[in-house]
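Every number here is computed from the coordinates shown, using simple stated rules; none is lab data. For clarity, every value in this text was computed on a predicted model and none was experimentally measured. When we count neighbours, we look across all protein chains shown, and the Cβ atoms used for this are built from the backbone with ideal geometry, even at glycine.
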Amino acid sequence: MDNITVGLGERSYKIFFGHQVLAETGPLCRDLKMGSRAAVVTNPTVGAHYFEPVRASLAKAGFTVHRIEIPDGEEYKNSETLKGIYDRLIDLGLDRGSYLVALGGGVVGDIAGYAAATYLRGIPFVQVPTTLLAQVDSSVGGKTGINHEKGKNLIGAFYQPGLVMIDVATLDTLPEREYLSGLAEVAKYGIVLDGELFDFIFNNTDKLLGRDTESLLFVIQRSCAIKASVVEKDERETGLRAVLNYGHTVGHAVETLTGYTKYKHGEAVAIGMVAAAKYAESMGLANKSETERIITLLKALRLPVELPEFSVAAYTEALLRDKKVRDGGLNFVFNKGIGGFHFARVTDLSPLLKTGGIGG
Ligand SMILES: NC(=O)c1ccc[n+]([C@@H]2O[C@H](COP(=O)([O-])OP(=O)(O)OC[C@H]3O[C@@H](n4cnc5c(N)ncnc54)[C@H](O)[C@@H]3O)[C@@H](O)[C@H]2O)c1
């Protein structure tokens, strides 16, 4: 199995990649000298497919395994579900010689990671991401947390996993829109950080849409390597790590305005990336053909690229509620050509909205 290291001193860890490799989870946890008891946090959808192979592997490696199931859905990434996890950990009598395994998408990974960060002031945890978004983004880098009724991801901690186990075979059962939404995040790495990755996706869209194993292994590994190198330089997002928010500022506004129901996260990010790319072009950071290549790629990946119709006032209000707003200005990430980025502070939002094509 291939692996790469996220180098963070004593908090360093490895990301393993392979096809049908869940059976390796137990031996890898044993190598890491994890405690004797493992609590696998999952949801009914993912658990139905993948709990048993993970359980069997952990049990064979000598661990006592418990199952903690949380309901499926972003709306359950909250303090009530978190309390349910704590209750089960306490009832099971799990002590510091235990660890958590997050088996699922970004929702399970974020909440289980935060439970691990806080239970008994922190016990180790392992990420076994099963969505493409979680495999290329949320399982790496240590952002954990839950939503608050007043906003997403408002409560949380930076807490790195002990290892990340990526089995691309788990993507076989992922619903199509979830899969395409993950591809938007892969495209993001290409657009702002890696022109070669962009070209690979551009030249292999059919294979990627067909979930070809070799192509997937390549883009997932490359995306994780990029994310690892960014996190190594700026673990707590004081600067560079914000590049990963490319497309997310407008994307969040789109999600807010459409009540988080119309678009998947990656779809909203695709729309946001196009708005950012058009704005970058108007600033002379990219040329027309580069912008067109970006739009062509996202369309080929069956992602939306048009801003939904809302007034400029509605967009402006949604944008200014963003976490990245300071003193009325937005800290914005632009692409520089393809494969590069540029940070700029945006105080006048109208060009962004105009180039995004919003009327009235
Ligand atoms: N921590 C970070 O750095 C970070 C980064 C990006 C996003 N996130 C968070 O990630 C969350 C979104 O994650 P997501 O897109 O993975 O959504 P998700 O976890 O809700 O998963 C999407 C759906 O797919 C199902 N599913 C997962 N794996 C499956 C599989 N292999 N087969 C069949 N169904 C499967 C899930 O049950 C769910 O219904 C958000 O809460 C977001 O805030 C965190």
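Footprinting exposure proxy ranking of 60, 33, 264, fewest other C-beta atoms within 10 angstrom first, gives 33, 60, 264. Between residue 33 and residue 229, the contour length at 0.36 nm per residue exceeds the alpha carbon distance by 68.0 nm.
Working from Cα positions, state the angle (0 to 90°, nearest 10) between the long axis of helix 265-282 and the longest principal axis of the chain. Value to nearest ten degrees: 30. A simple charge model with +1 on the Cβ of Lys and Arg, -1 on the Cβ of Asp and Glu and nothing else charged puts the dipole of the chain at about 640 debye relative to its Cα centre.
At full extension, residue 87 and residue 172 could sit 27.3 nm farther apart than now, given 0.36 nm per residue minus the alpha carbon distance. Just to be sure I understand the curve: with the Debye formula and one point per C-alpha of region 273-339, what is log10 I(q)/I(0) at q = 0.23, 0.24 Å⁻¹? Computed log10 I(q)/I(0) values: -1.07, -1.09.
On C-alpha positions alone, give me the angle between the axis of helix 44-60 and the longest principal axis of the chain, in degrees, nearest 10. Approximately 40 degrees, to the nearest ten. Quick note on region 2-173: its Rg to Rh ratio, both from C-alpha atoms and Rh being the Kirkwood radius, is 0.92.
Among 82, 22, 298, the largest mean-square fluctuation in a Gaussian network model of the chain, built with springs joining Cα atoms closer than 10 Å, belongs to 82. Counting every other Cβ atom within 10 Å of each residue's Cβ, 76, 315, 86 order from fewest to most as 86, 76, 315.
Across the chain, Cα pairs under 8 Å and at least six residues apart give a relative contact order of 14 percent. Ranking 57, 101, 34 by Cα position along the charge dipole of the chain, where only Lys, Arg, Asp and Glu carry charges on their C-beta atoms, puts 34 farthest toward the positive end. Under a Gaussian network description of the chain, with springs only between Cα atoms under 10 Å, the residue in 314, 39, 112 that fluctuates furthest is 314.
Here the Debye sum runs over all C-alpha atoms of the chain as equal scatterers in vacuum, and log10 of I(q)/I(0) at q = 0.08, 0.09, 0.14 Å⁻¹ comes out as -0.38, -0.48, -1.14.
Relative to the present Cα-Cα distance, how much length would full extension add between residue 158 and residue 283 at 0.36 nm per residue of separation?
Extra length from residue 158 to residue 283 when fully extended: 41.5 nm.
For region 41-103, evaluate the Debye formula with one uniform point scatterer on each Cα (no solvent term) and list log10 I(q)/I(0) at q = 0.19, 0.22, 0.27 Å⁻¹, rounded to two decimals. So the normalised log intensities work out to -0.78, -0.99, -1.26. Of the residues 173, 238, the one with the fewest other Cβ atoms within 10 Å heads the list, and the complete ranking is 238, 173.
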